[in-house]
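A short write-up of the structure that comes next.
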Amino acid sequence: MGRKKIKIARINDERSRHATFAKRKNGLVKKAIELSILCDCEIALVIFNSQGKLTQYASGNIDQTLSKFIDEKPMEQYSNDTYGQFCGKEDKDKFDLDLGPVTVDAHPLSGEDLTMAQGLAGRAGTAASPPSPLPPPASSA
């Protein structure tokens with residue numbers, strides 16, 4: 001017995017939306033880890049939830065990966081508008097392109113989250129590396 005297909009549209013119920021986000025985020029991180037291991041590729045995954053909180057995964061040094069991201073032109077580039085090319089015809093009919101109002105400024109980013117977001121938003125700008133989200137290693141003196 002297969003899983004029920006769902007319509008890809010914004011989930012209106014806040015609790016269901018948060019539960020779905022958590023499950024799908026974990027699934028996405030798992031797939032990124034698997035892809036990195038199986039195909040020996042470099043992956044940096046950056047996710048901001050609806051409150052602006054950051055989740056990140058990197059298969060290596062995230063600063064180096066993001067520097068490459070800032071410096072290089074993409075060979076392939078995707079957005080929500082390109083979703084249809086990943087679906088069969090029956091799935092395209094279930095996709096609702098109107099994602100509704102998406103607001104992230106309800107809880108503005110601050111500190112390191114804001115610096116990271118500004119670095120990603122300014123991708124076409126300078127090649128400066130975003131700050132590392134990890135504290136510097138303790139010296140063993």
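Values computed for the structure shown
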item: Hey, VAL29 of a type in the set (A, V, I, L, M), closer than 24 Å to SER67 by Cα and in contact (Cβ under 8 Å) with a residue 40 or more places away in the chain or not; result: no
item: Complete set of residues in region 26-51 that are open to solvent by less than 50 Å² (accessible area, probe 1.4 Å) and either in a strand (DSSP E or B) or closer than 26 Å to ILE6 by Cα (or both); result: GLY27, VAL29, ALA32, ALA44, LEU45, VAL46, ILE47, ASN49
item: Residue count, region 64-84 (criterion: part of a helix (DSSP H, G or I), over 12 Å from GLU42 (Cβ atoms), of a type in the set (D, E, K, R) and at pLDDT 90 or above); result: 1
item: Test: residue in region 56-70 that is open to solvent by 90 Å² or more (accessible area, probe 1.4 Å) and in contact with a helix residue (DSSP H, G or I) (Cβ under 9 Å, 6 or more places away or on another chain); result: no
item: Close pairs from region 1-22: first more than 18 Å from LYS53 (Cβ to Cβ), partner acidic (Asp, Glu) and surrounded by 10 or more Cβ atoms within 10 Å (Cβ to Cβ), Cβ under 7 Å, at least 6 apart; result: LYS7/ASP96; ILE8/ASP96; ALA9/ASP96
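The values are calculated or read from the model by the stated rules, or taken from the named source; none is laboratory data. All figures in this text were calculated on a predicted structure; none of them were measured in a lab. Glycine gets a Cβ as well: all are built from the backbone with ideal geometry, and neighbour counts include every protein chain shown. The area values use the complete protein model at the heavy-atom level, side chains included, leaving out ligands, DNA and RNA. Shrake-Rupley method; radii C 1.70, N 1.55, O 1.52, S 1.80 Å.
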